[in-house]
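The values are calculated or read from the model by the stated rules, or taken from the named source; none is laboratory data. This structure is a prediction, so every number in the text was calculated from the model and none was measured. Every residue, glycine among them, receives a Cβ derived from its backbone with ideal geometry; neighbour counts consider all protein chains shown.
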């Protein structure tokens, strides 16, 4: 299992467009990717509505967990997506 934390910098937080892109990328990986907030709520990123339901805003710190498959490579891809888009 690989984890990383990221502080959301997008002024709108995680809304429909980036959540959809995130789900699309995660579906192409051979790992299960989960995003969690400090309040204990989490969601599998391939479930678009669940991710949006977390209500992640600018300034929130999220923890992304990558389990199974090529964890190292997939975690790096996820981290790069967050840096470029969120």
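Report yes if some residue within segment 59-68 is at pLDDT 90 or above and assigned to a loop (DSSP other than H, G, I, E, B); otherwise report no. Checking segment 59-68: at least one residue is at pLDDT 90 or above and assigned to a loop (DSSP other than H, G, I, E, B). Filter segment 28-71 down to residues that are closer than 14 Å to residue 86 by Cα, touching a helix residue (DSSP H, G or I) at 6+ places or on another chain (Cβ under 6 Å) and in contact (Cβ under 8 Å) with a residue 40 or more places away in the chain, then give me how many there are. Final tally of qualifying residues: 1. Hey, can you tell me all the residues within segment 77-86 that are in a helix (DSSP H, G or I) and either in contact with a helix residue (DSSP H, G or I) (Cβ under 8 Å, 6 or more places away or on another chain) or surrounded by 14 or more Cβ atoms within 10 Å (Cβ to Cβ) (or both)? Those that are in a helix (DSSP H, G or I) and either in contact with a helix residue (DSSP H, G or I) (Cβ under 8 Å, 6 or more places away or on another chain) or surrounded by 14 or more Cβ atoms within 10 Å (Cβ to Cβ) (or both): 77, 78, 79, 81, 82, 85. Somewhere in segment 31-47, is a residue assigned to a helix (DSSP H, G or I), surrounded by 19 or more Cβ atoms within 10 Å (Cβ to Cβ) and at pLDDT 90 or above? No, segment 31-47 contains no residue that is assigned to a helix (DSSP H, G or I), surrounded by 19 or more Cβ atoms within 10 Å (Cβ to Cβ) and at pLDDT 90 or above.
Within segment 1-15, the residues that satisfy the criterion of being closer than 17 Å to residue 52 by Cα and surrounded by 12 or more Cβ atoms within 10 Å (Cβ to Cβ) are 6, 8, 9, 10, 12, 13, 14, 15. Here residue 25 passes the criteria (1) in a helix (DSSP H, G or I); (2) surrounded by 13 or more Cβ atoms within 10 Å (Cβ to Cβ); (3) without any contact (Cβ under 8 Å) to a residue 12 or more places away in the chain except the one numbered (3).
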